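This report concerns only the one structure given below.
The values are calculated or read from the model by the stated rules, or taken from the named source; none is laboratory data. Please read all numbers here as calculations on a predicted model, not as lab measurements. A quick note on method: Cβ atoms are made from the backbone with ideal geometry, for glycine too, and the neighbour counts reach across all protein chains shown. Protein only, heavy atoms only, side chains kept; ligands, DNA and RNA dropped before computing areas. Shrake-Rupley method; radii C 1.70, N 1.55, O 1.52, S 1.80 Å.
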Amino acid sequence: NPFAGLVSHLRASWLSGKTRPMEYRLAQLEALGHFLDEKKQEILEATASDLGKTPFETELSEILLCKNELNETLNNLSCWMKDKQVDRTLAMQLDSAFIRKEPYGVVLIIAPWNYPIHLFLVPLIGAIAAGNCVIIKPSEVSKKTERLVAEALPGYLDKDCFAVVTGGVQETTRLLENKFDYIFFTGTPPVGRIVMTAAAKHLTPVTLELGGKNPCYVSDTCDVTNVARRVAWGRFFNAGQTCIAPDYVLCTVEMQEKLLPALREAINDFYGPNPQESPDFGRIVGDKQFRRIRALLGSGRVAIGGQTDEAERYIAPTVLVDVQPSDPIMQEEIFGPLLPIVIVTNMDEAIDFINSRERPLAVYTFSSDDKVVNQVLERTSSGGFCGNDTLMHVTLTSLPFGGIGNSGVGMYHGKFTFDTFSHHRGCLKRGMGREPLNAPRYPPYSQQKFGIVWATSKVTRKDGCTLL
């Protein structure tokens, strides 16, 4: 296997204990901050080349959010690393019981192309903070960013403990043949199944950050102008190539009639009368992805947009109406600047529609009535939830980010990333003396002995009441 030597080298480094001291982890994390600062211009240029990303979108999603994660980790690492003391029974009052957060060992991070800096760097921050050695596999689809990461990042990190591997499907397949102690994958559900199958051969734990069709229910009671602006921003940010973008709108016919002109106005305000000329609207990452999204334009009827330019890999911000649940656009995650509207008669029908499909990465709902927002929250299931906005829940390091069911396994962001890459080891330390205290648990057994064990080992309910 072409990567066996690399994995063995990193494992030897991890077994040496080099990555365990807090000072080492902090130094490597500080180096990631230098990477973001010193390579900022190259990051802006690479993401512009790969995705047509504007500096604003890149600085927000690839740099600012990564720095937030980094600073959150640097501010709290010493606290996160401390042993956590736990409750003890009466029999254990003289002992020490605690949870120790230990690194898994050698971990693999496989990143996607749509946020090619953010989606490898955020998990990497947590993996380093937890004391692991790491192999990073950036996506080969975002070519310029892949080259930047492969050439520049090793100059900032300890080469004995961190490495970047490039290549496509063949290289990733061979990489997955090796035994890792943890695998973190971001991508599509079909590839997630392949990664999970490979991990299962070594009983390797995984985090799978996948995708799905994120529903957006718009109730009849809302500020239509605000809804349109927030939905349009969330759908067309990064040209729709966002795993948590609102994938389709559920609303009544009456709301659709109000929403369409508001969406048209929002798109015009954001990108002008011809979004192809806007410096603020991105492009599709590759020809294959462009052709797949363009084919979805055949679902329903184009109400807004619909223009395409294959030479530029441009697809206009588009809204589709008369879309049926059986249409192709409703069978797969769109991952492009198309927004279908599906008609429902009321909130209950919208909730039933959401619950009849695979659980999504995010559920969005808009309503001026907080009861409606809470109903959708309580009666649906998804990786995350955002009421009266889109995307913004992902910006908080204090909230876990991850999927459920078809949209993923596990979570990260902030302390959740540190916890994801840490083995929580349950530890009990007892003294060598006081052996008479252990006598009741030893044979020969008796009811009297069991009574002592019961009395000293039981956990009682608090605030309980006895019915006489």
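Miscellaneous remarks
- Close pairs (7 angstrom Cβ cut-off, 6 or more residues apart or separate chains): in the same structural domain as residue 180 (by the TED database) and without any contact (Cβ under 8 Å) to a residue 60 or more places away in the chain in segment 105-134, among the hydroxyl-bearing types (Ser, Thr, Tyr) and surrounded by fewer than 24 Cβ atoms within 10 Å (Cβ to Cβ) anywhere: 118/61
- Failed condition for residue 54, given (1) open to solvent by 50 Å² or more (accessible area, probe 1.4 Å); (2) of a type in the set (Ser, Thr, Tyr); (3) within 16 Å of residue 144 (Cα to Cα): (1)
- Residue count for segment 249-267, restricted to those that are of a type in the set (Asp, Glu) and without any contact (Cβ under 8 Å) to a residue 40 or more places away in the chain: 2.
- Residue 64 meets all of the listed conditions (1) surrounded by fewer than 18 Cβ atoms within 10 Å (Cβ to Cβ); (2) in a helix (DSSP H, G or I); (3) touching a residue at least 24 places away in the same chain (Cβ under 8 Å) but one, namely (3).
- Residue in segment 132-139 that is at pLDDT 95 or above, farther than 23 Å from residue 14 by Cβ and aliphatic (A, V, I, L, M) present: no
- Selection within segment 258-294 - over 20 Å from residue 311 (Cα atoms) and β-branched (Val, Ile, Thr): 267
- Counting only helices (runs of 4 or more DSSP H) that sit completely within segment 103-206, those holding 2 or more residues that are open to solvent by 10 Å² or more (accessible area, probe 1.4 Å) and within 29 Å of residue 74 (Cα to Cα) correspond to 118-129, 143-152.
- Sole exception among (1) in a loop (DSSP other than H, G, I, E, B); (2) loosely packed, with under 11 Cβ neighbours inside 10 Å; (3) touching a residue at least 60 places away in the same chain (Cβ under 8 Å) for residue 426, by number: (1)
- Only one of 295, 350 that is of a type outside the set (Lys, Arg), in contact with a helix residue (DSSP H, G or I) (Cβ under 8 Å, 6 or more places away or on another chain), open to solvent by 10 Å² or more (accessible area, probe 1.4 Å) and over 15 Å from residue 235 (Cβ atoms): 295
- All conditions but one from (1) open to solvent by 20 Å² or more (accessible area, probe 1.4 Å); (2) in contact (Cβ under 8 Å) with a residue 24 or more places away in the chain apply to residue 246; the one that does not is (1).
- Where residue 446 falls short, out of the listed (1) farther than 28 Å from residue 184 by Cα; (2) surrounded by 12 or more Cβ atoms within 10 Å (Cβ to Cβ): (2)
- Test result for residue 306, in a loop (DSSP other than H, G, I, E, B) and surrounded by fewer than 22 Cβ atoms within 10 Å (Cβ to Cβ): yes
- Residue 88 being touching a strand residue (DSSP E or B) at 6+ places or on another chain (Cβ under 8 Å) and assigned to a loop (DSSP other than H, G, I, E, B): yes
- Selection from segment 318-356 of residues that are under 25 Å from the mean Cα position of the chain (by Cα), under 28 Å from residue 305 (Cα atoms) and in a loop (DSSP other than H, G, I, E, B): 331, 332, 333, 334, 335, 336, 337
- Considering 323, 319, 285, 342, the condition of being touching a Phe, Trp or Tyr at 6+ places or on another chain (Cβ under 7 Å), of a type in the set (A, V, I, L, M) and closer than 19 Å to residue 214 by Cα is satisfied by 342 alone.
- Positions within segment 213-248 being among the small types (Gly, Ala, Ser), in a loop (DSSP other than H, G, I, E, B) and under 12 Å from residue 366 (Cβ atoms), in sequence order: 219
- If you filter segment 91-102 down to residues that are over 30 Å from residue 210 (Cβ atoms) and assigned to a strand (DSSP E or B), you find that the one that is most open to solvent (accessible area, probe 1.4 Å) is 100.
- Within segment 401-418, the residues that satisfy the criterion of being in contact with a Lys or Arg (Cβ under 9 Å, 6 or more places away or on another chain) and assigned to a loop (DSSP other than H, G, I, E, B) are 403, 404.
- Out of 395, 420, 390, sole residue that is in contact (Cβ under 8 Å) with a residue 24 or more places away in the chain and farther than 30 Å from residue 133 by Cα: 390
- Candidates 451, 431, 402, 383: the one that is outside the structural domain of residue 92 (by the TED database), farther than 30 Å from residue 221 by Cβ and either acidic (Asp, Glu) or touching a Gly at 6+ places or on another chain (Cβ under 7 Å) (or both) is 402.
- Restricted to segment 221-243, and to residues there that are among the aliphatic types (A, V, I, L, M) and over 23 Å from residue 332 (Cα atoms), the residue that is surrounded by the fewest Cβ atoms within 10 Å (Cβ to Cβ) is 224.
- Among the residues making up segment 400-419, those that are over 10 Å from the mean Cα position of the chain (by Cα) and more than 16 Å from residue 123 (Cβ to Cβ) are 404, 405, 406.
- Scanning segment 51-73 finds one or more residues that are touching a helix residue (DSSP H, G or I) at 6+ places or on another chain (Cβ under 9 Å) and within 21 Å of residue 424 (Cα to Cα).
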